[in-house]
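Student: Can you read through this structure? Questions will come right after.
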Amino acid sequence: MAFERLNENEWQLLEKLVRSGKSLRGRPPKQHRQIFEAVFWIASCDVPWRSLPERFGKWNTVYRQFKRWSEADLWNRVLDDLENNPDVAEVSQNLKHNILATIRLARQRQMQRSPVTATGSSTTRHSLAPGAPSKSLEAGPVNL
């Protein structure tokens, strides 16, 4: 499926879901819409972040927000709400496709960050460092 911009109904739904979570600091909602569309474009086109067209803004800004939202499990929360909320049952297939493609992208990023050991457990670079504590530290709160 080719990339399509968010229509007003899709954006209103996403904005509502994002706002119902942790507070959004920093960027105004208009830029959040642009960032959602940029992330969906990257996920749909399966290209490197640096290939993001200028109309979506700076690629590294989009990537940092994607990373924050991924760490906060936003993509799975949105998909769960789309699938389980009867009020949004008629949401477009385009939005569902974009969310699924973005979840795939987030998982690829996570797999690149956390190599799997021979025992099958996931580790981070920091936990592999000499002198690192044996238990990994839990992530702190993520600003959306």
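Student: Looking at the structure I just gave you, is L82 modelled with pLDDT under 95, crowded, with 16+ Cβ neighbours inside 10 Å, more than 13 Å from the chain's Cα centre (by Cα) and more than 22 Å from A2 (Cβ to Cβ)?
Tutor: No, not satisfied.
Student: What tally of residues in region 85-124 results from selecting those that are at pLDDT below 70 and among the basic types (K, R)?
Tutor: Count: 1.
Student: Could you please give the count of residues in region 56-106 that are among the charged types (D, E, K, R), farther than 18 Å from W11 by Cα and in a helix (DSSP H, G or I)?
Tutor: 5
The values are calculated or read from the model by the stated rules, or taken from the named source; none is laboratory data. Because the structure is a prediction, the values reported are computed rather than measured. Cβ: placed from backbone, ideal geometry, glycine included. Neighbour counts: every protein chain shown.
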